[in-house]
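Below is one structure, written out as structure tokens; the observations come after it.
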Amino acid sequence: MKTVIVIGNGMVGYKFCEKFVAQKEYRNFKLLVFGDEPRPAYDRVHLSEFFENQNAKALEMASEDWYTKNGIELMINERVADINRDNKTITTANNRNFSYDYLVLATGSSAFVPPIKGVEKEGVFVYRTIEDLESMLAYAAKLKSTKPKAKAAVLGGGLLGLEAGKAVMDMGLEPHIVEFAPKLMPRQLDSRSSQVLQLKLESIGLHIHLSKATNQILGDKFITGMEFGEDDILDVDMLIISAGIRPRDELGKACGLEIGVRGGIVVNNKMQTSDEYIYAIGEIALYNQMIYGLVAPGYEMASVAVDQIIGNANNIMSESIDMSTKLKLIGVDVASFGNPFMPATKGHSVIFENKTQHLYKRINVSLDGKKLLGGILVGDATDYSMLHQIYLNGMPIPSDPSQLILPAGDGAASFGSVIDLPDAAVVCSCEAVTKAEVCCAVKDNGKETVKDIAKTTKATTGCGGCKPMVTDLINETLKSLGKVVKERICEHFDYSRQELYDIVKMKNIKDYDELLDTHGKGNGCEVCKPLAASLFASIYNETANRQDTIQDSNDRYLANIQRNGTYSVVPRVAGGEISPKQMIAMGRIAQKYDLYTKITGGQRINMFGAKLHELPLIWEELIAEGFETGQAYGKSLRTVKSCVGSTWCRYGMDESVSFAIEIENRYKGIRSPHKFKGGVSGCIRECAEARGKDFGFIAVEGGWNIYICGNGGATPKHAVLLAEKVDKETAIKYVDRFLMYYIQTAQPLMRTAAWLEKLEGGIDYVKDVVINDCLGIVDQLDKDMQHLVETYKCEWKEAIETPEIRAKYTHFVNSTEEDENIEFVALRDQKMPTPWV
């Protein structure tokens with residue numbers, strides 16, 4: 001029997017063991033594993049989850065019993081101090097000697113600590129192990145006991161640095177990110193996507209400092225600040241260093257293995273080092289002159305090393321390594337794949353950017369427009385899995401590549417089904433699981449959940465980035481078998497939105513924590529929290545003020561954040577009718593607070609450039625002048641656009657302005673799965689563009705025609721006829737019912753047009769429900785709508801009259817000072833944010 005010794009019990013070292021014991025040849029080997037940490041291998045990718053519950057066991061890759069059951073001798077807390085290649089032995093720090101036939105180095109990497117003066121001071125940590133996190137938690141608790149508003153900085157704005165930023169927030173300290181480069185995540189993002197990410201992170205409370213070279217750590221015994229240059233100092237009470245990694249190659253150096261110029265043990269495509277009996281895998285291995293800091297390449301290296309040792313020489317390392325990655329940073333989706341930075345000489349870039357929603361999507365295509373070469377997604381990475389597969393498999397792309405990233409009617413897919421992927425497509429890079437393996441597990445073995453698929457194939461057990469695609473594959477395969485597929489909200493609620501709507505309503509649940517405790521699991525996420533907030537609003541007309549921690553960031557502050565961290569102010573101007581007195585008042589207020597003003601497409605006035613602390617002051621004055629919130633930030637009614645109608649227009653068939661005002665005031669404040677808009681035109685010339693709205697009324701001879709489910713935007717849809725030549729009261733009644741039915745049955749973030757497309761029976765079925773009462777529910781729909789109409793409250797009036805709500809409008813949690821970093825430049829007698837460089 002031959003002996004294999006593995007030095008290092010991290011994720012890759014564990015994966016080597018898992019793959020090794022799965023081989024039938026394993027019975028011919030003896031496996032010894034040495035780890036210098038006091039616990040078995042754990043999931044370092046999800047290390048930040050430790051801050052939620054301090055449960056190290058939950059992060060374990062496998063228990064000590066697993067090693068024992070598989071005949072593996074695991075020695076934790078046992079550091080290997082020396083390798084004797086001549087005798088093929090190792091010696092531990094406890095002076096114990098062991099012989100090997102094959103040695104596998106999986107020692108991983110350590111945190112890089114820059115040589116900054118004062119870095120040894122108390123309060124400076126690295127972010128690498130559970131022990132590091134435990135030390136941080138203890139220090140943060142000590143800090144907060146004497147200084148409740150303490151600050152902590154993270155040195156490094158890369159992947160791990162931003163994760164550490166979340167850790168700082170979780171510890172209750174004011175978080176600051178300090179990055180040497182002029183952008184965040186410099187290896188994955190371009191400048192524009194970095195700016196979008198920065199804006200989003202700042203909106204949730206992180207303070208970002210770019211292009212900062214730290215000269216020294218200030219303080220005597222413990223840290224009190226960071227000095228970047230003369231008079232450029234950041235006062236902080238704690239520092240977490242996350243400035244990169246260094247391969248732990250000291251054992252290889254000491255025993256004479258070939259080492260790269262910048263570190264790392266040189267390996268060939270068999271993962272052999274310069275000694276044929278010694279292998280290196282993971283972040284210690286220098287393959288093709290690169291250290292790969294991702295899990296998936298490390299797992300592939302482990303697989304290759306296993307096969308080489310048992311004699312399967314055909315399995316060698318891929319020539320090129322896919323560095324695509326997708327993750328959620330502090331609740332923000334970030335992904336990059338293929339070549340994210342494409343020079344103009346090698347391809348074309350297609351970019352979709354929506355700063356108001358913190359969205360950035362970029363794809364790079366070949367010069368002939370036929371191949372996808374790479375891309376970047378920030379804010380919404382829903383399409384990552386499909387884009388990644390199109391890139392990996394060289395699949396054809398549309399003649400207009402923008403269709404791959406532009407919204408295709410909310411709720412609709414931008415491209416084909418996952419079933420269209422080739423069977424050999426690798427959907428889980430970490431475990432090299434193909435589409436065919438997932439589909440076969442569903443069809444042949446009856447595995448119908450992600451959990452079952454994970455147990456059977458290991459897919460989703462690595463970084464977890466493939467979970468959406470695996471879910472889609474399961475659902476599509478089940479549909480192909482004629483089975484009903486349930487649309488679950490997220491991993492925390494095993495219900496569709498419609499089911500949860502019914503649960504909340506029937507059980508009179510009015511609090512998110514109660515909903516999670518009684519019908520969910522875990523701690524909730526950025527998907528289910530805003531969704532629950534929307535349900536509470538749609539059912540009880542609850543404003544966004546009561547449970548502000550479950551709202552989207554714009555709803556939390558009742559304003560849309562702009563690209564320089566300021567906010568917009570949009571009062572309601574029902575039907576677009578505004579008096580000279582109101583315009584003068586609005587102009588006075590805009591002038592007083594130096595706001596940029598612009599007429600919107602919805603016939604109202606948007607005022608830009610308000611600082612956070614100014615919002616209550618501005619709204620106080622607006623409300624005193626008779627204005628209300630326009631809810632431009634919410635998934636709710638935005639505007640009801642109107643023409644002047646028969647009041648002024650000689651072609652007008654009816655009084656459209658009064659009707660629009662009545663309708664806008666009726667539906668104001670109503671929350672829904674997505675925003676919705678209305679229009680009222682006084683004749684078929686359609687100056688109010690009512691057929692481009694979610695609902696629209698057009699005056700005709702004999703009454704009003706009603707249209708529903710239209711929208712403008714990236715994928716415009718013409719509304720379709722619901723009823724014709726009805727009187728005003730009947731028109732309102734039908735639209736009341738249509739809106740309530742949509743609110744109760746649509747999926748999250750689904751506009752009315754997409755909802756209608758997916759509704760079996762389409763417009764004819766909607767007519768049957770809201771006009772013919774085929775479901776017998778119109779009385780309830782009428783009652784539900786009337787409740788919303790009668791219980792409306794202006795959210796901003798509530799905010800300025802409630803001291804506890806008003807108190808949150810400060811730039812800093814521990815100070816009433818203004819944010820001095822906000823800058824403007826002149827623009828045509830007004831102002832605009834300083835342009836991004």
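The values are calculated or read from the model by the stated rules, or taken from the named source; none is laboratory data. Quick caveat, the model's predicted, so the values are computed rather than measured. Virtual Cβ from ideal backbone geometry, glycine too; neighbours counted across all protein chains shown. These area figures cover heavy atoms from the full protein model, side chains too; ligands, DNA and RNA do not enter into them. Shrake-Rupley method; radii C 1.70, N 1.55, O 1.52, S 1.80 Å.
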Within the P(r) computed for region 562-668, what percentage of the Cα pairs occupies the region above 18 Å?
51 percent
Along the dipole axis of region 322-416 (charges at Cβ: +1 for Lys and Arg, -1 for Asp and Glu; origin at the Cα centre), the most positive-end residue among 404, 344, 331 is 344
Region 578-638-region 293-311 distance, computed between alpha-carbon centres (Å)
60 Å
Using only Cα atoms, locate the centre of region 318-380 and the centre of region 120-185, then give the distance between them in Å, rounded to an integer.
29 Å
With no solvent and one equal point scatterer placed on each C-alpha of region 402-537, evaluate the Debye formula and give log10 I(q)/I(0) for q = 0.10, 0.11, 0.13, 0.19 Å⁻¹, two decimals.
-0.41, -0.50, -0.68, -1.14
Rounded to one decimal in nm, the spacing of the 7 Å Cα→Cβ label points at residue 783 and residue 84 is 8.7 nm
Helix-derived [θ] at 222 nm for the chain: sum -39500 (n - 2.57) over DSSP H runs of at least 4, divide by residue count, nearest 500?
-9000 deg cm²/dmol
Counting Lys and Arg as +1 and Asp and Glu as -1 over every other residue whose Cβ sits under 11 Å from the Cβ of residue 594, the net charge comes to +2
Which one of 712, 781, 215 has its Cα pushed farthest toward the positive end of the charge dipole of the chain, where Lys and Arg give +1 and Asp and Glu give -1 at the Cβ?
712
For region 635-801: rounded, prolate or oblate by the Cα gyration tensor [a/c cutoff 1.5]:
rounded
Taking R0 as 45 Å and r as the Cβ-Cβ distance between residue 253 and residue 145, the FRET efficiency 1/(1 + (r/R0)^6), rounded to the nearest 0.05, comes to 0.55
Taking r as the C-beta separation of residue 366 and residue 262 and R0 as 25 Å, the FRET efficiency to the nearest 0.05 is 0.15
Sorted list, accessible surface of protein heavy atoms, 1.4 Å probe, largest first, for 39, 85 is 85, 39
Quick one: with all protein chains in place, what share of the accessible area of region 497-542 is carbon or sulfur, to the nearest percent (1.4 Å probe)?
46 percent
In Å², what does the accessible area per residue of the chain work out to with a 1.4 Å probe?
44 Å²
Starting from the amide H of residue 434, placed 1.01 Å from N in the peptide plane, find each other amide H under 5 Å away whose residue is 5 or more places distant or on another chain.
427
In region 23-174, what percent of the accessible surface is made up of carbon and sulfur (1.4 Å probe, ligands and nucleic acids excluded)?
46 percent
Protection proxy ranking, peptides 734-747, 542-555, average beta carbon neighbours within 10 Å, highest first:
734-747, 542-555
Computed Rg/Rh for the chain (Cα atoms; Rh = Kirkwood radius) stands at 1.00
Report the accessible area of residue 486, computed with a 1.4 Å probe over the heavy atoms of all protein chains in place, in Å² rounded to the nearest 10.
80 Å²
Charge tally in the Cβ shell below 15 Å around residue 432, where Lys, Arg are +1 and Asp, Glu are -1, residue 432 excluded:
-3
Output ordering of 511-523, 228-240 (per-residue mean of other Cβ within 10 Å, highest first) is 228-240, 511-523
If the chain between residue 774 and residue 503 were fully extended at 0.36 nm per residue, the gain over the current Cα-Cα distance would be 95.2 nm
So what J values fall out for region 486-501 if you push phi through Karplus, 6.51 cos²θ - 1.76 cosθ + 1.60 with θ = phi - 60°, rounded to Hz, Gly and Pro as x?
8, 8, 8, 5, 6, 5, 8, 9, 8, 9, 7, 4, 5, 5, 5, 4
Could you put 649, 687 in order of accessible surface area, largest first, with the 1.4 Å probe and the full protein assembly present?
687, 649
Filter the cross-link list 467/529; 510/668; 483/758; 200/467; 212/831 down to pairs whose alpha-carbon distance in this structure exceeds 26 Å.
212/831
Among 567, 622, 647, the residue whose Cα sits farthest towards the positive end of the charge dipole of region 549-653 (+1 at Cβ of Lys and Arg, -1 at Cβ of Asp and Glu, taken about the Cα centre) is 647
At q = 0.10, 0.14, 0.21, 0.22 1/Å the base-10 log of I(q)/I(0) from the Debye formula over the alpha-carbon atoms of region 113-244 is -0.28, -0.57, -1.29, -1.41
At a Förster radius of 56 Å, what calculated FRET efficiency corresponds to the Cβ-Cβ distance of residue 230 and residue 357, to the nearest 0.05?
0.90
Under 5 Å between amide hydrogens, which residues at least 5 positions from residue 722 or on another chain qualify, with H placed 1.01 Å from N in the peptide plane?
706, 707, 708
So how do 666, 751, 685 rank on accessible area, 1.4 Å probe, biggest first, that is with the largest at the start?
685, 666, 751
What does the accessible area of residue 600 come to, in Å² to the nearest 10, when a probe of 1.4 Å is used?
40 Å²
Length added when fully stretched, residue 344-residue 810, from 0.36 nm per residue minus Cα-Cα
163.4 nm
Phi-derived 3J(HN,Hα) across region 18-35 with the Karplus relation (6.51, -1.76, 1.60, θ = phi - 60°), rounded Hz, x for Gly and Pro, is 4, 6, 5, 6, 7, 8, 5, 6, 4, 5, 8, 10, 10, 10, 10, 10, 10, x
Where the centroid of each part is defined by its Cα atoms, how far is region 1-57 from region 644-689 in Å?
66 Å
With the contact rule set at Cα under 8 Å and sequence spacing of 6 or more, what percent relative contact order holds for the chain?
7 percent
Surrounding charge for residue 728, neighbours by C-beta under 13 angstrom, Lys/Arg +1, Asp/Glu -1, total -3
Just the projected area, averaged over all directions, of the convex hull on the alpha carbon atoms of region 497-542: how many nm²?
2.8 nm²
Amide H neighbours of residue 216 under 5 Å, at least 5 residues apart or on other chains, H built in the peptide plane: list them.
227
Please work out whether region 434-512 counts as rounded, prolate or oblate from its C-alpha gyration tensor, where a ≥ b ≥ c are the square roots of the eigenvalues and a/c under 1.5 means rounded, while otherwise a/b larger than b/c means prolate and anything else oblate?
prolate
